[in-house]
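Since every read-out is calculated from the coordinates, none of them should be taken as a lab result. All figures in this text were calculated on a predicted structure; none of them were measured in a lab. FYI the Cβ positions are ideal-geometry reconstructions off the backbone, even for glycines, and counts take in every protein chain you see.
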Amino acid sequence: MATLLGLTPHQKAALVVVSGLPAPPGVGGVIVQGWNRDAPRPPGTLVFVDQEGGKVKTFPRLPPRSSARAMRSGAAAFASGRATGVALRAADADVDLAPVLDLPDGPLGSRQFRSPSFGVAFARGLAAGGAGACAKHFPGLGSLPFSTDEHPYVRGRVREADLAPYRSAIEGDVPCVMVGHGVYPSFGPRRATLEPRSYRLLRELGFEGVAITDSLDVVRGHATEWAVAAARAGADLLLFTSGKDAARAVRVLVPLARRGELDEHVRRVLRFRARLG
């Protein structure tokens, strides 16, 4: 609490932002991608990567050696997660934006595990290897006809089966959950990342860690508007692949920080950082 009280509004606003490289000063994290994995990283910030396996790997030569769909058992998934965690920490990466917990009938193909229990095992393996797991894409893309990476506005519905893997991951103490860009009319007309109901449901499941948005750069021109909307909806970390958009987001979040609207998010981010060392 003393650390929170010692922060300026600008520092609080920056701490809830995860930025692409090059990043503005003071952000809570940076996302490193395949094309800039060798670029300088700001000291003292959390490093996030997409190291799912298969074609989605920031570091092509590091584990996982296979795609999620190719893993045949929970034991194999755990071993793969542990090897990945060890390798990522050796590469100075802290958080893997994995596992994908969307059900096998979803639109992501080989990125989905044959059983979501394998994904939960992979998350436990990451922790055993020293890295943080970030389960995605809450509340589940299983009912969506297309990936939200391919279509800007994809509607679906929230099914009880989609939530079950997140319950298991939360019981397993997963420290981070990514809220996806699917549109669920029962939550409201906007993407799940911007709807308060998404974050209320996540907390109702017992989650006490950090909730991070999927990339808010997905549609150009909305970064600052969505930063404010997502923070007010309940997101603890706001993800941007563009450093310029991240800097703009920090500026528009400062007034919220002055009013104390970011304090609970900052508390969770500070706990998350302490947990990962």
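Sorted from longest to shortest, the spans of the Cα atoms of the stretch 81-198 along the three principal axes equal 42, 25, 25 Å. Measuring r between the beta carbons of Phe146 and Arg114 and using R0 = 22 Å, the FRET efficiency lands at 0.55. For the chain, the relative contact order is 19 percent, taking Cα pairs closer than 8 Å that sit 6 or more residues apart in sequence and dividing their mean separation by the residue count.
For the options Pro165, Pro189, Pro24, a Gaussian network treatment of the chain with springs between C-alpha atoms closer than 10 Å singles out Pro189 as fluctuating the most.
Within the stretch 45-276, the proportion of Cα pairs with more than 32 Å between them is 13 percent.
Here's how it looks for His137: its modeled amide H is under 5 Å from those of Leu101, Asp102, which are all 5 or more places away or on a different chain. Ordered by the count of other Cβ atoms within 10 Å of each Cβ, fewest first, Val49, Val16 give Val49, Val16. Between Arg271 and Arg65, the C-beta separation translates, for a Förster distance of 22 Å, into a calculated FRET efficiency of about 0.10.
For the pair Arg37 and Tyr153, how long in nm is the line joining their label points, each one 7 Å along Cα→Cβ? Those two pseudo-labels are separated by 3.7 nm. Comparing Pro25, Pro64, Pro43 in a Gaussian network model of the chain (Cα springs below 10 Å), the most mobile by mean-square fluctuation is Pro43.
Compute the relative contact order of the stretch 183-223 as a whole-number percentage, counting only Cα pairs closer than 8 Å that sit 6 or more residues apart in sequence. Relative contact order comes out at 22 percent. Comparing Arg220, Arg155, Arg69 in a Gaussian network model of the chain, where Cα atoms under 10 Å apart are tied by springs, the biggest mean-square fluctuation is seen for Arg220.
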